[in-house]
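Take a look at the structure set out below.
Nothing in this text is a laboratory measurement; each read-out follows from the coordinates by a stated rule. Bear in mind the structure is a predicted one, so any value in this text is a computation, not a measurement. With ideal geometry, Cβ positions are generated from the backbone for all residues, glycine too; neighbour counts draw on all protein chains shown.
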Amino acid sequence: MVKPGYYAEKRRIDEMKKNGWTGFRVSGSIGPNDIVFVRRNTFTGELEIRIEQIKSTRKSKYYFDKRAKSEWNRLYEISKKLNIPCYFVIYYIGKRKKEIIKIDKPIE
């Protein structure tokens, strides 16, 4: 059985691959993140890392429920502690659009 959101995660990995990123799905995704992306910066040679939480909805707007707020705040703490950029990526199914939100402050 495929868990809800699997196709959105696969889609995101394929999108990021075009920009040189390698994505690793977090098995089970019980933590705040779904995918960890890694790539080597072609100019500096340094390793770049980013963490993303992938969401999908059939609605025209994404509403942050208690669980999503908790995931957001846990990612904010990871971002702050490890100095790694973290993002929420929301796919609007049927609308063919996505929203990428950088996590730069806690949500209430």
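Full extension of the segment from V26 to N41, taken as 0.36 nm per residue of separation minus the current Cα-Cα distance, would add 3.1 nm. Under 1.5 on a/c is rounded, so check that first for the chain, then, if it is not, pick prolate when a/b is larger than b/c and oblate when it is not; a ≥ b ≥ c are the square roots of the alpha carbon gyration tensor eigenvalues. Taking the square roots of the gyration eigenvalues as a ≥ b ≥ c, the chain is oblate.
Taking 22 Å as the limit for the C-alpha separation, the pairs K55/K105; K17/K59; K17/K66; K10/K80; K18/K66 exceed it in the case of K17/K59; K17/K66; K10/K80; K18/K66.
Among residues other than K61 with Cβ under 14 Å from its Cβ, the summed charge is +4 (Lys and Arg +1, Asp and Glu -1).
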